[in-house]
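Down below is the structure, laid out as structure tokens.
The values are calculated or read from the model by the stated rules, or taken from the named source; none is laboratory data. Quick caveat, the model's predicted, so the values are computed rather than measured. Neighbour counts run over all protein chains shown; Cβ positions are idealised from the backbone, glycine included. Just so you know, the surface numbers come from the protein's heavy atoms only, side chains and all, with ligands and any DNA or RNA stripped out. Shrake-Rupley method; radii C 1.70, N 1.55, O 1.52, S 1.80 Å.
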Amino acid sequence: MSAPVTSSSADSRAEAIAPPGAHRIVIVGGGAGGLELATTLGNKYGKGQRAHVTLIDKTRSHIWKPKLHEIAAGSMDVGIHEVDFLAQSHWHRFAYRIGEMTGLDRTRREVQVAAFLDEEGRQVTPERVVPYDTLVICVGSQSNDFGTPGVTDYALKLESVADARRFNQRLVNACIRAHAQPGALEPHQLQVAIIGAGATGVELSAELHRTTREVVAYGLTRIDPDKDIRLNLIEAADRVLPALPPRLSSATLDLLTKLGVVVHTSAKVAEVLPRGVKLADGRVIPAELVVWAAGVKAPEFLKDIAGLETNRINQLVVRPTLQTTRDDDVFAFGDCAACPWIEGEGKGAKAGTVPPRAQAAHQQASHMVGQIKRRLANQPLRDYHYKDFGSLVSLGEFSTVGNMMGGLVGGSLMIEGTFARVMYQSLYKMHELALHGFTKVALETLARIITRRTEPHVKLH
Ligand SMILES: Cc1cc2nc3c(=O)[nH]c(=O)nc-3n(C[C@H](O)[C@H](O)[C@H](O)COP(=O)(O)OP(=O)(O)OC[C@H]3O[C@@H](n4cnc5c(N)ncnc54)[C@H](O)[C@@H]3O)c2cc1C
């Protein structure tokens with residue numbers, strides 16, 4: 001929880017974190033990209049006096065966002081995958097400061113951070129400013145509802161662990177309510193509408209199919225999942241996974257249909273209602289739970305921040321070096337940056353920019369490590385080139401589908417099944433490796449295999 005920074009009081013709040021003379025690297029956002037960068041730079045420079053690394057994040061811990069739909073469905077134990085920023089900063093020798101970035105003073109080279117309040121509204125840290133020599137902004141994205149009426153009031157979003165837990169709680173409560181009530185189900189009861197059939201919407205549908213059945217199996221005998229629970233997936237484009245090759249869309253549609261998910265394509269949402277979704281053609285899809293999973297934009301506070309160039313979805317426009325177009329000392333990457341992808345024109349990327357994916361944030365974090373090294377050595381910076389290795393979509397225990405890209409397979413190759421699942425898991429493993437190193441990840445994986453410690457079938461929050 002944050003309170004806005006007022007510039008008058010911010011001046012007296014500058015924090016001297018770095019040792020005198022050290023190059024101050026400040027990273028804002030400890031997500032898929034930012035935490036990897038802070039960890040690697042901390043390992044590299046944390047012991048010496050040459051450079052000092054500070055990570056600012058508005059939350060206390062990190063979860064890899066592609067795991068959120070599993071938390072929402074209740075099939076993932078957050079405790080196993082959550083990374084505590086304070087502990088991570090201690091083990092990897094960077095400084096961590098909690099708080100929400102709200103502004104930037106490029107002349108004084110200071111990041112403005114709001115006061116951090118706890119859940120009861122008590123102040124934990126005051127508003128302050130954090131000085132930098134190199135600033136890296138990687139604050140990710142949030143869902144874009146394009147101003148659709150009713151979304152804020154009636155739809156849930158999947159942007160944070162809190163969102164995912166809230167969804168899970170409502171889902172389980174809906175099942176318990178339906179089981180306990182004396183009368184018949186109302187038309188909207190146990191109906192879920194997921195708006196947006198991109199990877200998130202598709203993965204959530206498949207995951208929910210499984211976990212709703214498991215919740216019901218915990219003794220909610222008055223519910224017949226096949227008859228009573230209905231999952232609607234709504235997509236404005238004419239096919240699911242519109243950003244991926246058509247062959248992949250039709251394979252995914254087949255799998256979803258087999259699971260009983262009702263897919264509505266070419267269906268533009270006009271309004272979200274208290275008990276359903278109204279489409280532009282006038283149809284109403286009844287729903288007790290509505291999830292908005294269509295479109296992303298960068299956070300509002302970035303819009304024209306400190307005179308930096310931003311685009312219509314608030315992304316900071318960067319050069320291929322990942323420097324913002326108007327300030328060599330300010331870098332941005334990941335979902336919040338519009339980074340040119342010249343080779344990507346015509347491959348589904350919007351206006352030739354790198355797509356907002358975990359794979360891109362991971363690559364850019366690695367590139368940023370090299371850029372910082374070159375900057376400290378006064379060497380010219382190098383351009384970043386996005387390598388598209390394809391996309392993978394997990395349909396829970398049913399299947400994993402995807403396409404592989406690149407020279408190795410000579411274009412785009414559709415993959416499915418075990419191989420696709422291993423590839424899907426490898427993206428997260430790479431993230432874990434970047435955060436914890438080979439030994440810890442290998443030992444933990446081994447321990448999980450030996451003790452047969454797996455994720456719970458379904459976790460009720
Ligand atoms: C439900 C879901 C499923 C997804 N599935 C996939 C998938 O299967 N494959 C894939 O490639 N991609 C997937 N993505 C996209 C992927 O998660 C993002 O592309 C990736 O996380 C972007 O990384 P990032 O470092 O730019 O930002 P993020 O990982 O979003 O991290 C941003 C960080 O910045 C912090 N922050 C935000 N604002 C501020 C502020 N003002 N001040 C301080 N800190 C701030 C946040 O707390 C967060 O820690 C999914 C996304 C979601 C939401």
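Candidates VAL290, VAL318: the one that is under 23 Å from the mean Cα position of the chain (by Cα), modelled with pLDDT of 95 or more and more than 20 Å from ALA358 (Cα to Cα) is VAL290. Return yes or no: is THR321 hydroxyl-bearing (Ser, Thr, Tyr) and more than 20 Å from LEU244 (Cβ to Cβ)? Yes. Looking across SER366, SER399, SER391, one residue alone is within 11 Å of the ligand (Cβ to nearest atom), in contact (Cβ under 8 Å) with a residue 24 or more places away in the chain and among the small types (Gly, Ala, Ser). It is SER391.
Of everything in the stretch 270-283, what is among the β-branched types (Val, Ile, Thr) and more than 14 Å from GLN189 (Cα to Cα)? Give them in sequence order. If the condition is that a residue be among the β-branched types (Val, Ile, Thr) and more than 14 Å from GLN189 (Cα to Cα), then VAL272 is the only one that fits.
Residue pairs whose Cβ atoms lie under 7 Å apart, separated by 6 or more positions or on different chains, with the first residue in the stretch 26-55 and in contact (Cβ under 8 Å) with a residue 60 or more places away in the chain and near the ligand (Cβ under 9 Å from one of its atoms) and the second part of a loop (DSSP other than H, G, I, E, B) and aromatic (Phe, Trp, Tyr), are ALA32/TRP64; GLY33/PHE333.
The number of residues in the stretch 249-282 that are crowded, with 16+ Cβ neighbours inside 10 Å, free of Cβ contacts under 8 Å to residues at least 60 places away in the same chain and hydroxyl-bearing (Ser, Thr, Tyr) comes to 1. Just to be sure, is ASP163 closer than 29 Å to PRO66 by Cβ, in contact with a Lys or Arg (Cβ under 6 Å, 6 or more places away or on another chain) and either surrounded by fewer than 20 Cβ atoms within 10 Å (Cβ to Cβ) or of a type outside the set (Asp, Glu) (or both)? For ASP163, the condition - closer than 29 Å to PRO66 by Cβ, in contact with a Lys or Arg (Cβ under 6 Å, 6 or more places away or on another chain) and either surrounded by fewer than 20 Cβ atoms within 10 Å (Cβ to Cβ) or of a type outside the set (Asp, Glu) (or both) - is met. Checked against (1) over 18 Å from LEU435 (Cβ atoms); (2) of a type in the set (Ser, Thr, Tyr); (3) in a loop (DSSP other than H, G, I, E, B), THR59 passes all but a single condition, namely (1). List pairs: first in the stretch 317-335 and more than 21 Å from LEU35 (Cα to Cα) and open to solvent by 40 Å² or more (accessible area, probe 1.4 Å), second within 16 Å of the ligand (Cβ to nearest atom) and among the β-branched types (Val, Ile, Thr), Cβ under 6 Å, 6+ apart or cross-chain? From the stretch 317-335, the pairs are THR325/VAL317. Residue by residue through the stretch 355-380, note down the ones that are within 17 Å of LYS44 (Cβ to Cβ) and not polar (S, T, N, Q). ALA365, HIS367, MET368, VAL369, GLY370, ILE372, LYS373, ARG374, ARG375, LEU376, ALA377 - these are the residues of the stretch 355-380 that are within 17 Å of LYS44 (Cβ to Cβ) and not polar (S, T, N, Q).
Taking the stretch 68-178 and the helices (runs of 4 or more DSSP H) fully enclosed by it, the elements with 2 or more residues that are within 16 Å of the ligand (Cβ to nearest atom) and farther than 30 Å from ALA217 by Cα are at 85-91. Set side by side, the residues LEU86, LEU135 differ, and just one is open to solvent by 20 Å² or more (accessible area, probe 1.4 Å) and under 30 Å from ALA22 (Cα atoms), which is LEU86. Take the conditions exposed (fewer than 14 other Cβ atoms within 10 Å of the Cβ), within 23 Å of LEU55 (Cβ to Cβ) and not charged (D, E, K, R) and apply them to ALA184. Does it pass? Taking the combined requirement at face value, the residue does not satisfy it.
Of everything listed in (1) closer than 26 Å to GLY295 by Cα; (2) open to solvent by 10 Å² or more (accessible area, probe 1.4 Å); (3) within 16 Å of the ligand (Cβ to nearest atom); (4) in contact (Cβ under 8 Å) with a residue 12 or more places away in the chain, the single unmet condition for THR211 is (2).
Residues of the stretch 176-218 being over 25 Å from GLU271 (Cα atoms) and among the hydrophobic types (A, V, I, L, M, F, W, C), which ones? Result: ILE176, ALA178, ALA180, ALA184, VAL215, VAL216, ALA217. Selection of the stretch 371-397 for residues being more than 23 Å from the chain's Cα centre (by Cα) and either within 30 Å of ALA197 (Cβ to Cβ) or in a loop (DSSP other than H, G, I, E, B) (or both) yields ALA377, ASN378, GLN379, PRO380, LEU381, ARG382, ASP383.
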